[in-house]
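Worksheet for the structure shown next.
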Amino acid sequence: ENTSFSGSNQSTLWFDRWRKPGDVTNIQRFGTARRFSSKDIQDRSYIRFRNLNVAYDFPASLLQKGFLKGVRNIRIYAMAQNLYTWTNWRGFDPEDNNNISTFEYPGQRTYTAGINLGF
């Protein structure tokens with residue numbers, strides 16, 4: 001909620017900003033002279049489901065049959081990273097290290113799958 005970054009999109013919280021005497025809100029008036037205060041402190045506690053790896057190795061007895069003859073091993077696998085973060089933090093990422101959580105992208109959610117064949 002800092003309008004010093006007016007070259008970018010502003011938070012929708014600004015719709016509830018103070019505008020005239022008598023307004024009751026916790027969002028200050030629109031202006032660029034804002035300083036950070038204790039109002040900006042948020043709880044950054046979180047739980048993150050960061051990595052998941054699943055793999056299956058086919059049994060050797062299956063590899064000795066039919067078209068699989070000559071294959072020593074087969075492994076199929078799937079991996080996922082940055083699956084979910086549980087937090088009340090309003091920014092993108094509670095691990096963000098610049099203290100104001102602007103102009104950074106959160107960690108990419110990544111999926112990978114594959115097959116390893118050994119001959």
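Key figures
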quantity	calculated
Candidate lysines - alpha carbon under 24 Å from Lys39, same-chain residues fewer than 8 apart omitted	Lys20
For region 43-119, Kirkwood radius (reciprocal of mean inverse C-alpha pair distance, Å)	15.6 Å
Inter-site label distance for Ser11 and Phe92 at 7 Å from Cα along Cβ, in nm	1.6 nm
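Read-outs throughout are calculated quantities, based only on the coordinates presented, and are distinct from any laboratory measurement. Just so it is clear, the structure is predicted and the values come from calculations on it, not from any experiment. Methodologically, a virtual Cβ is constructed for each residue, glycine included, from the backbone with ideal geometry; neighbour enumeration extends over all protein chains shown.
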